[in-house]
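For reference, the structure discussed in these notes is given below.
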Amino acid sequence: MESPALGILLLIACFGSARGNLSRDESQPTTSDETVVAGGTVVLKCQVEDPDDSSLQWSNPAQQTLYFGEKRALRDNRIQLERSTPNELTISISDVVLADEGEYTCSIFTMPVRTAKALVTVLGIPQKPQIFGHEQPIDEEKVARLICRSSGSKPAAQLRWRKGNREIKDSGTEVVEDPNGKTFTVTSRVEFRVTKEDNEVEVTCTVDHESLQNSERSTTQKLQVHYKPTAKIEPHPQYPREGEKLQLQCDGQGNPISILGSSLNFISPLCVLRDPGVLIPAALLSPQEFLWEKEGSDAPLQLSSESVLIFPLLNKSDSGTYVCTATSSMGSVVAKYNLDVSDASPVPSTTSTYHAMIGGVVAVIVFLLLSLLIVLGHYLIRHKGTYLTHEAKGSDDAPDADTAIINAEGGQAGGDDKKEYFI
């Protein structure tokens, strides 16, 4: 009994569904919701399968008619007709503003009147973010508190922070509605402890919003961190010798730079110190100080804004440990240098090596010339002895010396022939 009843119910349901499809209202217009960025253009399309000899009409949220068929009803040059047929009415609105947001109605005046709603959402573009709290330099190891703010977004934008190449988490975000009642102002705060390495590091605040699409809107500021100075002493020349001029440069690095002018390696005009053999750089009216002292000496050698201690003529008595104390608003730092004045004996240099090489080459050439003269003299002496001997052997019957030598050589050859013959 239950199976036939169930079959009947299914048959009735299928018949009702088929009847519903057959009775679908072909004169009902259709449209769709649209989202547009403020300043852009939105297109509204309304379609109907069976217009029933009636015209389509678009009206705005204030129920003002925009277009009735192809006829303009509202004098607004931003609104243009894109397409008008019995089955479609398409219009466009350019330079969209926030006030254009709302429900737009497409109507067809049949009996009864049929309508379709299209919700237009206008996105408010957030303004470029601004960073506050970086106006004054931050001391090392203090906490930096920065604020980033962006207005005009709709819906509310998201803000994110980056220090250098690293993302940092904010400590709180606040969203406030703007006076126009449509857009929002977003404020984000971030806190972190700064170090010496954070000086000149860029902190970036970026706003993320769907209206920006693939573009990015951000603001970057550089941190200014005041940190304690560091110092070291550099001698010029590197290896001081007795009788030479020496400059001890107290190179300091710190922030603010104006406190440690030596980091710029600037040397001002000089004046003479009362201690013998030492010149003092002229003092400038600035807040930095460089104190030069020698260990074991009661009085300081120099106290001024200049970082160079000069010895015009070194001697053995200048040997010792020299101390430079660099002072700034962030504190003081001490650097030491042990000066050991060497003897004034010449030291090997490139020029002396070059001269030694030239001397060696000249010595070799002289030796070769002397050797050549000795060999040549020895040869001449031997040749002269042979000449005299031959001249004596053939001088009896020869009219001159040459003929005597020839006769002597001939006689010797004849003797040899005879010796060979007798053998």
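The values are calculated or read from the model by the stated rules, or taken from the named source; none is laboratory data. In this text, all values refer to a predicted model and were calculated from it rather than measured experimentally. A quick note on method: Cβ atoms are made from the backbone with ideal geometry, for glycine too, and the neighbour counts reach across all protein chains shown. Note: accessible area is taken over every heavy atom of the protein model, side chains too, but ligands, DNA and RNA are not part of it. Shrake-Rupley method; radii C 1.70, N 1.55, O 1.52, S 1.80 Å.
Computed from the C-beta positions of HIS134 and VAL364 and an R0 of 60 Å, the FRET efficiency is 0.25 to the nearest 0.05. Once the chain from THR35 to SER215 is taken as fully extended at 0.36 nm per residue, the excess over their C-alpha distance is 63.0 nm. Estimated at 0.36 nm per residue, the fully extended path between ARG24 and GLU103 surpasses their Cα-Cα distance by 25.9 nm. For a modelled paramagnetic label at HIS236, 7 Å from Cα along Cα-to-Cβ, the residues of region 292-308 in reach, with backbone nitrogen under 13 Å, are 307-308. Label-to-label distance for ILE147 and LYS117 is 4.1 nm, based on points extended 7 Å past Cα in the beta-carbon direction. Of the cross-linked pairs LYS71/LYS154; LYS163/LYS196; LYS142/LYS336; LYS117/LYS154; LYS196/LYS294; LYS128/LYS169, those separated by over 26 Å at the C-alpha level are LYS71/LYS154; LYS142/LYS336; LYS196/LYS294.
Under the shape rule built on the C-alpha gyration tensor, where the axes satisfy a ≥ b ≥ c, region 130-223 is prolate, since a/c reaches at least 1.5 and a/b is greater than b/c.
Extending 7 Å from Cα along the Cβ direction at LYS336 and again at SER55 yields two label points whose distance is 10.1 nm.
The length gained by stretching the chain between ASN77 and SER317 to full extension, at 0.36 nm per residue less their Cα-Cα distance, is 76.9 nm.
Modelled label positions at ASN165 and LEU372, each set 7 Å beyond Cα in the direction of Cβ, lie 6.9 nm from each other. Rolled with a 1.4 Å probe across the full set of protein chains, the surface gives PHE109 an accessible area near 100 Å². For region 29-123, the share of accessible area belonging to carbon and sulfur comes to 45 percent (1.4 Å probe, ligands and nucleic acids excluded).
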